[in-house]
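Written out below as C-alpha cells is the structure these notes cover.
The values are calculated or read from the model by the stated rules, or taken from the named source; none is laboratory data. The structure displayed is predicted, hence computed values, not measured ones. Because the Cβ atoms are built from the backbone with ideal geometry, glycine has one as well, and the counts that use them run over all protein chains shown.
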Amino acid sequence: MAAIEVHNLSKCYGGVRALDSVSFAVERGELFGLIGPDGAGKTTLFRLLATLLNADEGVATVDGFDIKSDYRAIRSRVGYMPGRFSLYPDLSVEENLRFFAALFGVTIEESYDLIAPIYKQIEPFRTRRAGKLSGGMKQKLALSCALIHRPSVLFLDEPTTGVDAVSRSEFWDMLAGLKKRGITILVSTPYMDEASRCDRIALCNEGHILGIDTPEGIVRGFDKKLYGIGAKNMYALLERARRADGVEDCYPFGEKHHLVADEGFDKGRFKALLSDVEGLEIVEAEPTIEDMFIKLMKR
Amino acid sequence: MMRGNFLSFVKKESLHILRDKRTMLIVMLIPVVLMILFGFAISTEVNNVNVAVVAAERSDGVRDAVERLSHNEYFTFKGYIAQDKIDSYLRSGKVGAVVVFAADYDRCAELAKQGVEEKPIIQLIVDASNVNTAGSATAYLQGVLLGTASEQAMFETRMLFNPQMKSAYNFVPGIMGLIFILVCAMMTSVSIVREKEVGTMEVLLVSPVRPVKIIFAKMIPYFAISCIVLVMILLLARYLLDVPMTGGVGGIFSLSLLYLVLSLSLGLLVSTIATTQMAALLISAMVMMMPILMLSGMLFPIENLPKFFQVVSNIVPARWYIDAVRKMMIQGLPLVAVWENCVILLGMTVALLGVSLKKFNDKLE
C-alpha cells in the first residue's frame, strides 16, 4: 500500500473550489513534490492530509489510515510543518524541542540520532529564543520538531519560502538524508528550480493537478522546440514575436523570452521578419519544468 | 508518560507568562491600583467634609451639636459664619455643607421635649455638585446631629453594617468581580487565540494529545496567578482598607475559587469564537467588562437600573458573585447564607464549560 493515497479529493471555501477532484499516490520512502504558485491549493491539500480540515468529497489515506475515520491515528504518526513559522518565539530552541517531544510522549534523547544531522547545526544556539533565529535556522528547528517522534510520513508545506538560497539548498540536502532513512516526504514549493530535487512531482494550479511525473519525465513531455530570444527592447519584442507566424507561445523567462515553436516555424524566416528589431538574437533553449508548467497551465 | 506531558504543557504555559514581563506586571499591578484608586481616591464616602455653622446665638444646644461635629473624624468644623455668607462659602468650596440653627433653637427643643410645640428645625445646606458624596454626607450629618440624646429626632435613620458608608466596602467585591474576569477570561482567551493566530495550534492539533488537555494545561497557570491576586486583594482589603470580613475569609475564598473557574470557562468560550487576539480582547472587553461595570451592581445598584436591564443583569455572573461577596464581607454572613448565589454560579460554570468544550474543535474549521 502506498504511503499516501488521494482519490478525487475536493474542498471548497465558500464558493471557491480550493481543491478540485485531486488524485495521486505517494510511494513509501518517496520524496514527492507539489509544485505550483500561491493559490494552487497546496496548503489546503496539506491541511486535509494532516486531518486539520474535512474534505467535501473524495477519500484519502495516510500510512494506510483514512483521513476522516482514523484521523487520530494519523495525527500520531505524521510530522507536519505548516507554511508559516509555527514554533513559540518566546521559548528557546531547546525548550521548543522539549515541548514538542513531550507533546508526542518522547524525549529528545530517544530521537536524537534521527534529528542530529539537522539539530546539530542549531544546537550551539539552544538557549536562544526561537524568535531571534535567522530564517534558515528557524526552518531547521521546525524540521527537528516535526521529526522528534520519528514520523513515518512528513508533510512540509513550503519549507523553503522566505529562506536564503544557501539555506534552501542545505534544506534539500537534509530532506535527501531523511529519505534515505525511509521517511516518506510530501513537500510543496513555489520554486520550480527545487522540483528537480524530488523523486516525483505534481504540477498544481488553481486546485487542479496538471501532471505527475519525475522531474525528467515532466521535461521530456515538452515535445515542442524551444528558443530563447532577446533584443534591446524586450517588451516590444514580446509583442512582435507573439504575432509572428508559427509561434505557439512567447513569454518572459528570466533575462530572455522563451518562444515555443509551432509546426512550420522557421528560425531564418523569423529573423528576417523581425530584422528591424535592434539587437535581435535567437538561440535554441532546453525546456525546464517551468516551461512545461506554463504549457500545461495554458492548455 | 501522559502525566509527564501534561506537566510539561503547564510548564510551557508558565514560561510564556513569565517571559511576558509587561503583561505579568500589569496583571499584578492592576488589582493593587484599582484597590487603592477605589479605596481612597474615587470615593463617595463622607470624608473630611468641611462644615460651617450658622447660629444666631451660640446656645447650649448649638454648642452641643457643634461639639459633636468637630469630634467626628469625618467632618471638619470650620467655624461659625454669618447668614449671608452661606452662598459664597459653598460656592468657593470652602465648605461642603452648612448647618443652620434657628434663632430660637434651644427654646423650641425644650418645648418640644415637653410636647408643647413642634420639634426644632435644623437646616442643612449641602454642596450637591457631587451627588453621591452629597447624599451620603447629608445622611450622615443628620445622623450625627440628631444623635443628640436630648433632642427628639424628626426621623430616624440607622445605617447598618457600614454606618459611615465607606465606599471601599462596596467597591472591593466589585473589583474582585472585575479583576478575575480580566485575569482569567481575558488572558486565557487571548493565550488560546494566540496559538491559533500564530499557527502553533495547527501543530498542536496534529499530535496524539487531545486538545482538551492542552486547554486545561493552559488554564492552570492563569488559575494560579488569579489565586495570588485573590490573596493580594483580600490582604489589601483587610489591612489597607479595613474591610471587616466578619463572615470568614474561608467562605469568600471558596466562592472566589468557583468564580475563577467560571471566568476560565468564559475565556475558553471566547477563544472558541474569536480567531484573532484582537477579537478576543474586544469580545472580552465589550461582552464581559461592560456588563460587569454597568450591570453587576459594582458601580450602580441593580435596583436603580431600568427594568429591562435588571432582567439582563441576571445573566451577568459577576452580579451574583459581587452580591455574595458583599454579603459575606460587609454583612458578615457565612457561605451557607449565600447558597443561592453559589448554586447559580455553579450552574453557570457547568453550562459555560459544557458549551465551550462542545464548541472547541480539534480541526481548523
State all residues of the range A:43-64 that are among the β-branched types (Val, Ile, Thr), touching a strand residue (DSSP E or B) at 6+ places or on another chain (Cβ under 6 Å) and either within 22 Å of B:Thr200 (Cβ to Cβ) or surrounded by fewer than 18 Cβ atoms within 10 Å (Cβ to Cβ) (or both); if no residue qualifies, say none. A:Thr44, A:Val59, A:Val62
Positions within the range A:74-90 being at pLDDT below 90 and more than 7 Å from chain B (Cβ to nearest Cβ), in sequence order: A:Gly83, A:Phe85
Residues in the range B:176-186: is at least one modelled with pLDDT of 85 or more and part of a loop (DSSP other than H, G, I, E, B)? no
Here is a check on your reading of the model: is B:Val198 surrounded by fewer than 24 Cβ atoms within 10 Å (Cβ to Cβ), among the β-branched types (Val, Ile, Thr) and within 14 Å of chain A (Cβ to nearest Cβ)? yes
Note down all Cβ pairs under 9 Å where the first residue falls in the range B:343-365 and is more than 14 Å from chain A (Cβ to nearest Cβ), the second is assigned to a helix (DSSP H, G or I) and among the aromatic types (Phe, Trp, Tyr), and they're at least six residues apart or on different chains. B:Ile344/B:Trp320; B:Leu345/B:Tyr259; B:Leu345/B:Trp320; B:Leu345/B:Tyr321; B:Met348/B:Trp320; B:Thr349/B:Tyr259
Name the single residue, out of those in the range B:60-90 being touching a Leu at 6+ places or on another chain (Cβ under 8 Å), crowded, with 19+ Cβ neighbours inside 10 Å and not aromatic (Phe, Trp, Tyr), that is farthest from B:Asp106 (Cα to Cα). B:Leu69
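Just to check your reading of the model, which residue among B:Ser271, B:Ser284, B:Ser189 is over 25 Å from the mean Cα position of the chain (by Cα), more than 14 Å from chain A (Cβ to nearest Cβ) and not β-branched (Val, Ile, Thr)?
Numbers: B:Ser284 fails: over 25 Å from the mean Cα position of the chain (by Cα); B:Ser189 fails: over 25 Å from the mean Cα position of the chain (by Cα).
Criteria check complete, one pass: B:Ser271.
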Could you pull out the residue among A:Ile67, A:Ile115 that is within 12 Å of chain B (Cβ to nearest Cβ), crowded, with 16+ Cβ neighbours inside 10 Å and more than 20 Å from B:Phe9 (Cβ to Cβ)? A:Ile67
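Every residue, every condition in (1) modelled with pLDDT under 90; (2) hydroxyl-bearing (Ser, Thr, Tyr); (3) closer than 30 Å to A:Val16 by Cβ, yes or no:
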residue: A:Glu206; (1), (2), (3): no, no, yes
residue: A:Ile209; (1), (2), (3): no, no, yes
residue: A:Ile218; (1), (2), (3): no, no, yes
residue: A:Tyr227; (1), (2), (3): no, yes, no
residue: A:Leu273; (1), (2), (3): yes, no, no
residue: A:Glu278; (1), (2), (3): yes, no, no
residue: A:Glu284; (1), (2), (3): no, no, no
residue: A:Asp291; (1), (2), (3): no, no, yes
Qualifying residue in the range A:111-119 (condition: in the same structural domain as A:Phe46 (by TED's automatic domain parsing) and farther than 23 Å from A:Trp172 by Cβ): no
For the range B:201-217: of the residues being more than 15 Å from A:Ala102 (Cα to Cα) and not aromatic (Phe, Trp, Tyr), which is farthest from the chain's Cα centre (by Cα)? B:Glu202
Being closer than 18 Å to B:Glu67 by Cβ and either at pLDDT below 70 or out of contact with any strand residue (DSSP E or B) (no Cβ under 7 Å at 6 or more places or on another chain) (or both) is the filter here, so list the residues in the range B:129-141 that pass it. B:Tyr140
So A:Phe104 ticks every box in (1) within 13 Å of chain B (Cβ to nearest Cβ); (2) in contact with a Leu (Cβ under 9 Å, 6 or more places away or on another chain); (3) closer than 25 Å to B:Pro211 by Cβ but one. Which box is left unticked? (2)
Return the total of residues in the range A:8-61 being outside any loop (DSSP other than H, G, I, E, B) and either outside the structural domain of A:Ile185 (by TED's automatic domain parsing) or hydroxyl-bearing (Ser, Thr, Tyr) (or both). 7
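Just for strands (runs of 3 or more DSSP E) wholly inside the range A:162-275: which have at least 1 residues that are farther than 25 Å from A:Gly29 by Cα?
On the way: elements: A:184-189, A:200-205, A:208-213, A:225-230, A:247-253, A:256-261.
Answer list for the range A:162-275: A:200-205, A:225-230, A:247-253, A:256-261.
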Identify all residues within the range A:38-64 that are within 11 Å of chain B (Cβ to nearest Cβ) and hydroxyl-bearing (Ser, Thr, Tyr); write none if there are none. A:Thr43, A:Thr44, A:Thr51
Does at least one position in the range A:154-163 carry a residue that is aliphatic (A, V, I, L, M), under 19 Å from A:Ala3 (Cβ atoms) and modelled with pLDDT of 90 or more? yes
When you go through B:Met298, B:Met329 one by one, which is the residue that is part of a helix (DSSP H, G or I), surrounded by 12 or more Cβ atoms within 10 Å (Cβ to Cβ) and not polar (S, T, N, Q)? B:Met329
Yes/no for A:Leu143 being among the aliphatic types (A, V, I, L, M) and touching a strand residue (DSSP E or B) at 6+ places or on another chain (Cβ under 8 Å): yes
Is it true that some residue in the range A:194-215 is closer than 29 Å to A:Ala50 by Cα and without any contact (Cβ under 8 Å) to a residue 60 or more places away in the chain? yes
For the range B:94-128, what are the residues that are more than 17 Å from B:Ser59 (Cα to Cα) and modelled with pLDDT of 80 or more? B:Lys94, B:Val95, B:Gly96, B:Ala97, B:Val98, B:Leu124, B:Ile125, B:Val126
Which of the residues that make up the range B:181-200 are aliphatic (A, V, I, L, M) and touching a residue at least 12 places away in the same chain (Cβ under 8 Å)? B:Ile181, B:Leu182, B:Val183, B:Ala185, B:Met186, B:Met187, B:Val190, B:Ile192, B:Val193
More than 8 Å from chain B (Cβ to nearest Cβ), more than 21 Å from A:Lys138 (Cβ to Cβ) and either buried (at least 16 other Cβ atoms within 10 Å of the Cβ) or within 18 Å of the chain's Cα centre (by Cα) (or both): which single residue out of A:Val16, A:Val22 fits that description? A:Val22
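Let's see how each residue does on (1) assigned to a helix (DSSP H, G or I); (2) more than 30 Å from A:His149 (Cβ to Cβ); (3) at pLDDT below 90:
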| site | (1), (2), (3) |
| --- | --- |
| B:Val203 | yes, no, no |
| B:Val212 | yes, no, yes |
| B:Phe253 | yes, yes, no |
| B:Leu258 | yes, yes, no |
